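Inspection log for the structure reproduced underneath, given as structure tokens.
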Amino acid sequence: MSLSGIAQSTKTKTYTSIAEALKTPHKVLQLDLRKQRLKEFPKDILKLQFLEELNLAENQLQNLPPTIGQLKYLKKLVLFNNKLTVLPAEFGQLKNLQHLSLERNRLEGFPKVVSQLFNLRYLDLDQNKLKNIPAEIGQLINLEILSLINNNLQDLPTELKALKKLRSIHLWENQFAQLPKVIPQLTRLTSLDISNNRLTSLPPTIGQLLNLEHLNFSNNQMTVLPKEIGQLQNLVQLELHHNLLRVLPATIGQLKKLHRISISHNPIALLPSSFWQLKNLSTLLIGKTKLQPLPIEITSFEKLRLLQIDQSQCSSLPKAVYQLKYLQQVAILHQSLPKNTQESIQKKFGEVRVSFVKERK
């Protein structure tokens, strides 16, 4: 029977025990052995010669055997939350692998053998101990999603620009003090998250990422945005909260597709007049800024559904805010707001759901 015929006859049943799978090994395409306290790679897995998806997440594996390279049909391998420190050289024989999840292991270096997996589309190395990414990553020419969250990275290799299909890269919780120079060359990117780092500014070249739809620079130390941010006219989501921004560039008004913007927890005291041209905004997070009272122009956001403000701003809201047609939720940041005051605020908003979010002093 052909491999495609097997797939049709089994309807991709997921097996959850090796004993069950070995009854009909030629039919097994998916095996899920997560959370089974495995300390060693079960050798019987190798008898499942047509296996396409293998999940060994949340076990206690410290290494993988060289024989894993025999699983030549494997397309998806999930190994997150184990104790792996290295991968065997034979891992590079998994030429059909498209999805590889290695987050929450103990990898101190990027496994160079991974760069031999030319069909890889998704690679997750979150929460390891990586300090650098080798030039060999440029060989993963089919990679679409790369996640390197919570490592110790300070830069990325220029060879990353060879990944012409890369559309999403996750870099938050690292040690970046500046935007890696290669990032603006990844012109196919639709999503970039480099939050929770140590960025103080962005280069003008950020404007080259014309396909970006989701951009997150929150929880950094940025004091200014370049005017080229206005060139990102496909942006629908922009996260800038928890920075040191005092102003926004006038070009912000060019982001006509923007649906969500968060500028909360910044010392912004004045917004450019172009800001109020963002007519497609449905979510605005503006609490814990120096915008007080809130400008009457906020009522021009007729499509607004979610508004976040803080306790001090709440007392000086333009009355027209209460009548915004599509407003569904208001979140109010506070440190101490009496219950009767909360009830009074809720009455003013009528059927709009109001949530009170208590923050630490």
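The values are calculated or read from the model by the stated rules, or taken from the named source; none is laboratory data. Remember, it's a predicted structure, so these values are computed and weren't measured experimentally. Because the Cβ atoms are built from the backbone with ideal geometry, glycine has one as well, and the counts that use them run over all protein chains shown.
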Condition test on VAL321, is it modelled with pLDDT of 90 or more and not in a helix (DSSP H, G or I)? no
When you scan segment 340-351, do you find a residue that is in contact with a Leu (Cβ under 9 Å, 6 or more places away or on another chain), of a type in the set (Phe, Trp, Tyr) and modelled with pLDDT under 95, even just one? yes
Give me the pairs, please: first residue somewhere in segment 167-195 and closer than 20 Å to VAL236 by Cβ, second residue anywhere and of a type in the set (D, E, K, R) and surrounded by fewer than 16 Cβ atoms within 10 Å (Cβ to Cβ), beta-carbon distance under 6 Å, and either six or more positions apart or on two chains. ARG167/ARG188
Residue pairs within 7 Å by beta carbon, gap of at least six or interchain, first lying in segment 103-119 and farther than 19 Å from LEU166 by Cβ, second of a type in the set (Lys, Arg) and at pLDDT 95 or above, listed first then second, are ASN105/LYS83; ARG106/LYS83
Only one of LEU281, LEU235 is over 27 Å from SER355 (Cα atoms), without any contact (Cβ under 8 Å) to a residue 24 or more places away in the chain and out of contact with any Ser or Thr (no Cβ under 6 Å at 6 or more places or on another chain), namely LEU235
Quick check on this structure: which one of LEU97, LEU87 is buried (at least 19 other Cβ atoms within 10 Å of the Cβ), without any contact (Cβ under 8 Å) to a residue 24 or more places away in the chain and more than 19 Å from ASN174 (Cα to Cα)? LEU97
Do any strands (runs of 3 or more DSSP E) entirely within segment 15-81 hold 1 or more residues that are under 28 Å from the mean Cα position of the chain (by Cα) and over 20 Å from LEU107 (Cβ atoms), and if so, which? 30-32, 53-55
Go through segment 122-143 and report how many residues are buried (at least 17 other Cβ atoms within 10 Å of the Cβ) and among the charged types (D, E, K, R). 2
Considering only residues of segment 193-211 that are β-branched (Val, Ile, Thr) and part of a loop (DSSP other than H, G, I, E, B), which is farthest from ILE183 (Cα to Cα)? THR200
Does segment 186-198 include one or more residues that are aliphatic (A, V, I, L, M), more than 18 Å from LEU148 (Cβ to Cβ) and crowded, with 16+ Cβ neighbours inside 10 Å? no
